[in-house]
Amino acid sequence: MQLKHNNVKDVLIVRPLEKRIDASTAAEFKQNMNEWIDSGNRRIVLNLSEVDFIDSSGLGAIISGFKKIGNEGNIVICVVKESVMSLFRLTRMNRVFDIYTSENEALEALSGKA
Amino acid sequence: MKPTVSKISKSDLKASIDYHLRCSLCKEPPTKDYRDLFLSTAFSLRDRMAEKILHTEQRYQTSQTKRVYYLSLEFLIGRLMGNNLHNLGMFDVCREFMTEAGIDIEEVREQENDPGLGNGGLGRLAACFLDSMATLDIAGFGYGIHYEYGLFKQEIDNGYQREKPDNWLADLNPWEFKRTDEKCIIPIKGRIEHFQDRDGEYNPMWLDWNFIVGIPFDIPVVGYGGKTVNWLRLYGAGSSADFDIQIFNEGDYFRAVEQKVASETITKMLYPLDTIMSGRELRLVQEYFLVACTLKDIIRRYLKNNENFDRFPDQVAIQMNDTHPSLAVAELMRLLVDEYALPWKHAWEVTQQTLAYTNHTVLAEALEKWPAALLERVIPRHLQIIYEINRQFLEKIAARYPGDVDLLQRMSLIEEGESKLVRMAHLALVGSHSVNGVSSLHTEILKQDNFSDFYALWPERFVNVTNGITQRRWLLEANPRLAGLITDTIGDTWITDLSRLRGLEPYADQTVFMDEFRDIKRANKEDLSKIISDTLWLSINPDSLFDIHIKRIHEYKRQLLKIMHIVHEYLQIVRGEKTPTVAKTFIFAGKAAPGYWVAKQIIKLIHNVGQVINQDKRIQDALKVVFLPDYSVSLAEKIIPAADLSEQISMAGQEASGTGNMKFMLNGALTVGTLDGANVEMLEEAGADNIFIFGLKAEEITDMIKKKNYYPVEYYRLFPEIRRVLDAFRDNTFCPDEQGIFQWIYHRMMNNKDPYFHLPDFFPYIQMQDQIEAEYLDPVNWTKKAVRNVARSGKFSSDRAVSDYNRLIWNKKAPS
């Protein structure tokens, strides 16, 4: 799975370069997220601008990262296509995550948080 | 109403058919290949209907009309070519064109598969309603399942029913449009993760689901006159290439194929009605799949013109055809609350104001109850929602009737026990603004018995809408001779206003009209005799009384009572107690659910009784017993116009309405029946002199059951006529080569206490049959009664039924 990532100050920006996050890629995605969190990243922006579809295993991988960080930081999501947003609404994950329309907005929101 | 479609000339029709022969079928015109002619004609009609769909949609958009969505697990639409030709006003042109080309239009129509997408009355009713909604210019649309295999094909082997798959889609279906652009994703299974949202509130998350892809297939539904063309949308389950590609990419070919097959299995087959038992997971998935696809589609369409759900109940009416689609309550709540973030209270108001529920049965075993554990596995979020609906509902009941624990248990959506069951009828009742029965008697039984607690709570929600049938199919198309006579006599307004048939009343005394009426019946009987001869190699006397019992085989419908009467007459004749005065042909047709042993034995019994009687030279053709295999809509269209006597003899209180009874009445058969279902209203309409009513009433049976004072053994002991009929079943008279196979009948009557009350109704029934025989000997009087039946059948049009729904439930006006 192709994942682009870079840091802006202490915020890690992760951008999957795949159109789909599904059973075939979710495990790798989850492992990468775990490694980044284990290595100290506590503020993460997940940019889904390239993603058209996430199946339940992909959504599960995002939830897993969210749980792993727990109260020690935050994961926010940005640039979500409607096809993916509808899956967030289906699972009610949109009520758990802060979702922003642009990466800058997400960065700003996350940077503003202690 | 005259057809409003611009008249098509023969040359235009020919050009259109030739075009499709060339461009759709790659065949050189002209052709006399009936199959090719059917397909190219169907494509020609579809072209016109496609344009009309677009015009109709524009009209609906402009007028912002409220849309009615009719959800049904079954749509028994029958063959469409004749119906579409009639409603488009093209039948005569098409027939003339084909006749001039030396082609028999009936042969062409015979090429069409008869889609068996239903078990019987409920599915056929849904199809009639679509025809009426389009004819009445109501924005009404059907939503159902695109079953790959319809109800099984019935074959008979030594009198036993054998089931064969009905692969109606094996050939091209020229009517439908596959709309892959409007496919949808339906989540299923998974688990609930109990989480908190950003504000710390409880936020259940539905995770680890799989998904099914719902692919719509649209079949145009043209109203008479051609002004309005609605559609029936049937969803097939698939696993599109888009969604499987990753698995293929991984090289796991077998897993990809397995997933594809598993998804497609969901809409593989229609369940025969009497084998739908709780716990059949695939059936539950079908019900969920239908409501999930449908509601997604309805909301998608609604949100094109609306930004929120405030106008949803003003713009959308959803009618649930029986309990099968009742998951719509939970799914609509889930969509509104979870996906569109409406507050629960608002979502509940929208849901209740939008949904309405038609109950079609009082049989306890047919009121679905699904194990909660199964729902939790298949649709865990919906079970949560059902629990919450129930909690809030029971809170209200407890507040209104403090301390009545029994009432809470009776009304609860959940039946407690060893394993919890979800009462789907209660879910439909609680989640709807209206519940209706389908005949006056049935609605009263619902109010007083099955749903009495709910009626006490919400009397205003209960309404009756007696079923109806479309005269366009069941008279205009099925019985062209009679339709022609009626039109010649009183004009053609009856085609869209069946009450106009009252205009025939004066003709019930006119000799010329009655002679023509009788000649038509005779011609129809000749046609049916030929079908019987071609199918069964059995010679039938068209002058005999055609006594017809066609419907699904079920004990409550009492085919067995009919057979007992036949055996009684047979024994009377062979023992010299009776000299037959009226030759009779008893005609049966109907399918038995594959797992319903008794029903299948009844089919075997009919065949064996027929074999003995038909070959007994002592009878001299006074009695003939016929079983026509593979009952279907198209077979019914051939049988009903030929009927003299219509058998509607169910145990009173069991048949919700019946619609076959109405079809026979419309076609000039006299009815012998119990006071059950719509027979009660047929009696009111026809008048007691024109219908043969016999037997116990529903309340008398209920009383006997309550008091436990029915002793079948007493009937056996006291009445020799009953005794010898039952003994004939026991002593192998009708099964010399398979000894003992009919002994179950005696045991069913004696040891199982005759649960369908055959014996108390037997005597009144044979007495009534004697009266019928006497009356049949007077053809003038018989014909008068038959004409009066036709003239007084106006109430039983599905146009009236749909208008009632529109006025009483959907509360909408036809667009101007």
Identify, please: which residue in the stretch B:617-627 is over 17 Å from B:L528 (Cα atoms) and in contact with a helix residue (DSSP H, G or I) (Cβ under 7 Å, 6 or more places away or on another chain) and is, among those, surrounded by the fewest Cβ atoms within 10 Å (Cβ to Cβ)? B:R618
Residue under question is B:L73, and the condition is that it be within 30 Å of B:Y235 (Cβ to Cβ) and assigned by TED's automatic domain parsing to the domain that holds B:Q315; does it hold? yes
Residues of the stretch B:712-736 being buried (at least 16 other Cβ atoms within 10 Å of the Cβ) and of a type in the set (F, W, Y), which ones? B:Y715, B:Y716, B:F729, B:F734
Out of (1) in contact with a helix residue (DSSP H, G or I) (Cβ under 6 Å, 6 or more places away or on another chain); (2) more than 14 Å from every other protein chain (Cβ to nearest Cβ); (3) under 18 Å from A:R15 (Cβ atoms), what's the single condition that is false for A:A61? (2)
Out of curiosity, is A:V80 buried (at least 19 other Cβ atoms within 10 Å of the Cβ) and more than 9 Å from chain B (Cβ to nearest Cβ)? yes
Considering only helices (runs of 4 or more DSSP H) wholly within the stretch B:227-332, the ones with at least 3 residues that are more than 25 Å from B:N436 (Cβ to Cβ) and either touching a Lys or Arg at 6+ places or on another chain (Cβ under 8 Å) or modelled with pLDDT of 95 or more (or both) are B:241-249, B:281-303
Of the conditions (1) out of contact with any Gly (no Cβ under 9 Å at 6 or more places or on another chain); (2) over 30 Å from B:A508 (Cα atoms); (3) without any contact (Cβ under 8 Å) to a residue 60 or more places away in the chain, B:L429 satisfies every one except a single condition; which number is it? (3)
Can you say whether B:L169 is aliphatic (A, V, I, L, M), under 22 Å from the mean Cα position of the chain (by Cα), surrounded by fewer than 18 Cβ atoms within 10 Å (Cβ to Cβ) and over 25 Å from A:I63 (Cβ atoms), as far as the supplied structure shows? yes
Which residues, counting only those in the stretch B:173-208, are within 18 Å of B:E376 (Cβ to Cβ) and under 34 Å from the mean Cα position of the chain (by Cα)? B:I186, B:P187, B:I188, B:K189
Yes or no: the stretch A:83-95 includes at least one residue that is within 11 Å of chain B (Cβ to nearest Cβ) and more than 20 Å from B:L207 (Cβ to Cβ). no
Using the structure shown, decide if B:E395 is within 14 Å of chain A (Cβ to nearest Cβ), among the acidic types (D, E) and under 30 Å from B:D314 (Cβ atoms). no
Within the stretch B:115-138, can you find the residues that are charged (D, E, K, R) and surrounded by fewer than 21 Cβ atoms within 10 Å (Cβ to Cβ)? B:D137
Assuming B:F211 fulfils every condition listed in (1) buried (at least 16 other Cβ atoms within 10 Å of the Cβ); (2) within 30 Å of B:N84 (Cβ to Cβ) apart from one, which condition is it? (2)
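Okay, residues lined up against (1) assigned to a loop (DSSP other than H, G, I, E, B); (2) within 11 Å of chain A (Cβ to nearest Cβ); (3) in contact (Cβ under 8 Å) with a residue 60 or more places away in the chain:
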{"residue": "B:L172", "(1), (2), (3)": "yes, no, yes"}
{"residue": "B:D181", "(1), (2), (3)": "no, no, no"}
{"residue": "B:I185", "(1), (2), (3)": "no, yes, no"}
{"residue": "B:E193", "(1), (2), (3)": "no, yes, no"}
{"residue": "B:N203", "(1), (2), (3)": "no, yes, no"}
{"residue": "B:V213", "(1), (2), (3)": "no, no, no"}
Here are the criteria: (1) under 24 Å from B:K7 (Cα atoms); (2) surrounded by 24 or more Cβ atoms within 10 Å (Cβ to Cβ). Tell me which single one B:Q58 does not satisfy. (2)
Has the stretch B:445-454 got any residue that is touching a residue at least 12 places away in the same chain (Cβ under 8 Å), of a type in the set (V, I, T) and more than 26 Å from B:V291 (Cα to Cα)? yes
Just to be sure, is A:G40 under 21 Å from A:L107 (Cα atoms), part of a helix (DSSP H, G or I) and more than 12 Å from the chain's Cα centre (by Cα)? no
Selected residue [surrounded by fewer than 17 Cβ atoms within 10 Å (Cβ to Cβ), touching a Leu at 6+ places or on another chain (Cβ under 8 Å) and assigned by TED's automatic domain parsing to the domain that holds B:G590] from B:L536, B:L545: B:L536
Of the residues that make up the stretch B:277-289, is at least one farther than 30 Å from B:V598 by Cβ and either free of Cβ contacts under 8 Å to residues at least 40 places away in the same chain or among the hydrophobic types (A, V, I, L, M, F, W, C) (or both)? yes
State the number of residues belonging to the stretch A:48-58 that are farther than 16 Å from B:W206 by Cβ and away from every other protein chain (no Cβ under 11 Å). 4
Pick out, from the stretch A:44-114, the helices (runs of 4 or more DSSP H) lying fully within it that include 2 or more residues that are within 19 Å of A:L17 (Cβ to Cβ) and within 10 Å of the chain's Cα centre (by Cα). A:56-69
Those residues of the stretch B:87-141 that are aromatic (F, W, Y) and over 18 Å from the mean Cα position of the chain (by Cα) come to a total of 2
Within the stretch B:53-74, is even one residue closer than 20 Å to B:I105 by Cα and at pLDDT 95 or above? no
Please give the strands (runs of 3 or more DSSP E) falling wholly within the stretch B:55-167 in which 2 or more residues are farther than 20 Å from B:A478 by Cβ and among the acidic types (D, E). B:150-157, B:160-166
Just to be sure, is B:S40 farther than 18 Å from B:V229 by Cα and either without any contact (Cβ under 8 Å) to a residue 40 or more places away in the chain or not in a helix (DSSP H, G or I) (or both)? yes
Of the residues in the stretch B:298-310, those that are in contact with a strand residue (DSSP E or B) (Cβ under 7 Å, 6 or more places away or on another chain) and closer than 23 Å to B:T267 by Cα number 1
Selection within the stretch A:1-24 - among the charged types (D, E, K, R), more than 14 Å from chain B (Cβ to nearest Cβ) and in a strand (DSSP E or B): A:K4, A:R15
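The values are calculated or read from the model by the stated rules, or taken from the named source; none is laboratory data. What you see is a predicted model, and the numbers here were worked out from it, not measured in a lab. Note that we place each Cβ from the backbone using ideal geometry, even for glycine, and neighbour counts take in every protein chain shown.
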